[in-house]
Amino acid sequence: MASTTPILQAKGLTRSFGAVRALDAVDFDVYPGEVVALIGDNGAGKSTLVKALSGNLDLDAGEIYYAGEKVELNTPSAASKLGIETVHQDLALAPHLNPTQNMFLGRELTTSGVLGKIGFLDNKTMRARSQAAFDELGATVRSLSGPVGAMSGGQRQAIAIARAVAWAKGVIFLDEPTAALGVVQTKNVLEIIRRVRDKGVGVVFISHNMPNVIEVADRVQVMRLGRSTATFDSSKTNMEELVAAMTGALDGAGA
Amino acid sequence: MTQSNVTTSVNTETSNQRNALTRLASIQSLQIALVLLVIFLVFSLLAPTIFPQWSNLRQIVQNVAILAVLGIGMTFVIITAGIDLSVGSVLVFSGVVSAKAMQALGSQGWGTALVGVIVAIGVGLLWGLLNGFLVAKAKVPALIVTLGTLGAALGLAQVITNGVDIRAVPKELSDTVGYGNVWGTTIPLITLIALILVVIFAVVLHKTKFGLHTYAIGSSEEAARRVGVKVDRHLIAVYALSGGLAGFGGILSLSQFGTTAIAGQSQTNLNVIAAVVIGGTSIFGGVGTIFGTMLGLFIPAVLQNGFVIVGLQPFWQQVAVGTVLVAAVFVDQRRRNAATRGASAKAKNSLTALWSKKQ
């Protein structure tokens, strides 16, 4: 890790839903060019943490720092503006729109001059830039003009990831990006994660797949019952240790 | 892990399925265009000396003009997966308020007419804003909101007039917009006005950011929201557009009929919705074209006209339109299911696959 300042850092994040403490004073950080895997059993608070760090959740307490500066992430747009992008589990693509339209949705390019001012779209440039983004990731998107709803799960995943990668300047969150994928597609996604990391972006990767986690992550952060309980260097850990930390068998020892 | 299953299904996918969904709207437009052509040819054969003559066709394009203006707004609304039942009532209410305003100004002259036009559009816009606000911000379902404003607008129109139609329309408006022609031709001016609006808003829908966000919201409101599309504001704008166009329809109707015709618009909303749906716009949102809506408008209009000419009871038109409507949605649904099933074997045997093999 070249940088000594985390690109994104959270201190003491707390959020309750009624009597349930979904996040209990959680600390979390990710450095530029680092892959951090976030693991934990169902209900451990992984997705809640990602929501909080991507501007989709109001916090009861806690502070968030982006590149060392304190920030407020109240809306997804606020996070996007900083360069934080998220690939949600449900991908959040508009099924009737084509890959290019999805890629640029909410950030459309308009033509130059007066027509652009009143909202005329520059489809040619957007198509070229989407194609470039897909090529860069080695994503095989067969058609840029067909609706994504008619494409396979792997292609849709590739489009969602390519969109996040194209706009993420600082951090990218991937919430179970391989859960619905086959062997080949999973390999592609892991390859994409490495490439994004090599560009200097911090990658946060949520997964239940321990071999994938160990393969791609630099660091593994374990969550349990709304707390971050342990951090492992992925080169010095193994599956048994991670599972033990997730299920609580290590409580008191690892933390 | 069920990874191996997923891999197989991905691998069996063929390029036949691509473009399937985007083509839906255009295919349906094509089919509807064919249906319209067949109807046209049948009536032309049955009544060659009357039906295909310009004097008769002129009447048809004059009759659909107001519905076309309403159809523009309705297409936008239905693409967002909404509905606007209030268009007919808003048309009447705007016409009434506009007629009242013009009455107060003496009912004559171009100045009065201009005020009437502005008042009608403004009043329609306000009803549309109310619809949009209730749908987007208060989260009341569009069906209920516009059912409510349908009743409220019509009721208020009757309260204002005591239920008696106002006939104070400037002669300048009825002579030109009402039943006048484009200077030097026999093309109805009202048709040209509607056509200009249709072209403008078709361009807005298909070429601009506003149009793209309309499709995006109808396709997946949540996806649009997450990427920062201002969904609430956009929905309000779309319902306001529908209301504003209904208001403009109000002044067109005043010009054409010379009266507020309070009781004359009870079926208008359903006729417009039927046209939009026949034209290939999905009531589930995300898909649709203005061109399709125009085709969808001409089917009932041509049928009505044709039945009268060939001496059939014109009531058969309603039966025919009802049948076409249900058939159109049925075909659309089947195709949509096939398309979203994507790689499944059934889809390959569907109309969609047959179509896409031709590319």
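The values are calculated or read from the model by the stated rules, or taken from the named source; none is laboratory data. The structure presented is a predicted model; accordingly, all values stated were derived computationally and were not measured. Reconstructed Cβ throughout: ideal geometry from the backbone, glycine too, with neighbour counts over all protein chains shown.
Odds and ends about this structure:
- Where A:Gly226 falls short, out of the listed (1) surrounded by 20 or more Cβ atoms within 10 Å (Cβ to Cβ); (2) in contact with a Phe, Trp or Tyr (Cβ under 8 Å, 6 or more places away or on another chain); (3) closer than 15 Å to A:Gly40 by Cβ: (2)
- Single condition B:Glu221 does not satisfy, out of (1) at pLDDT below 95; (2) closer than 16 Å to B:Gly250 by Cβ: (2)
- Checked against the criterion of being among the aliphatic types (A, V, I, L, M), at pLDDT below 90, under 16 Å from B:Gln31 (Cα atoms) and crowded, with 17+ Cβ neighbours inside 10 Å, the candidates B:Leu325, B:Leu297 yield just one match: B:Leu325.
- Out of B:Ala237, B:Ala246, sole residue that is in contact (Cβ under 8 Å) with a residue 40 or more places away in the chain, within 30 Å of A:Ala164 (Cβ to Cβ) and touching a helix residue (DSSP H, G or I) at 6+ places or on another chain (Cβ under 8 Å): B:Ala237
- You will find that of A:Val196, A:Val184, the residue that is outside any loop (DSSP other than H, G, I, E, B) and closer than 20 Å to A:Ile7 by Cα is A:Val196 and no other.
- Just one residue in the set A:Phe120, A:Phe104 is of a type in the set (Phe, Trp, Tyr), out of contact with any Gly (no Cβ under 7 Å at 6 or more places or on another chain) and in contact (Cβ under 8 Å) with a residue 24 or more places away in the chain; that residue is A:Phe104.
- Here B:Tyr179 meets the list (1) in contact (Cβ under 8 Å) with a residue 24 or more places away in the chain; (2) under 24 Å from the mean Cα position of the chain (by Cα); (3) farther than 28 Å from B:Gln59 by Cα almost entirely, failing just condition (3).
- Hits in segment A:1-41 (condition: of a type in the set (S, T, N, Q), buried (at least 16 other Cβ atoms within 10 Å of the Cβ) and under 15 Å from A:Glu69 (Cα atoms)): A:Gln9
- Of all residues in segment A:40-55, those satisfying the criterion of being touching a helix residue (DSSP H, G or I) at 6+ places or on another chain (Cβ under 6 Å) and on the phi < 0 side of the Ramachandran plot are A:Asp41, A:Ser54.
- Residue list for segment A:214-239, filter: in contact with a helix residue (DSSP H, G or I) (Cβ under 7 Å, 6 or more places away or on another chain) and in a helix (DSSP H, G or I): A:Ile214, A:Glu215, A:Val216, A:Ser234, A:Met239
- Checking segment A:137-149 against the condition returns a match, with at least one residue being within 12 Å of another protein chain (Cβ to nearest Cβ) and under 29 Å from A:Leu53 (Cα atoms).
- Among the residues of segment B:205-239, those that are part of a helix (DSSP H, G or I), within 9 Å of chain A (Cβ to nearest Cβ), buried (at least 20 other Cβ atoms within 10 Å of the Cβ) and among the hydrophobic types (A, V, I, L, M, F, W, C) comprise B:Leu212, B:Ala216, B:Ile217, B:Ala223, B:Ala224.
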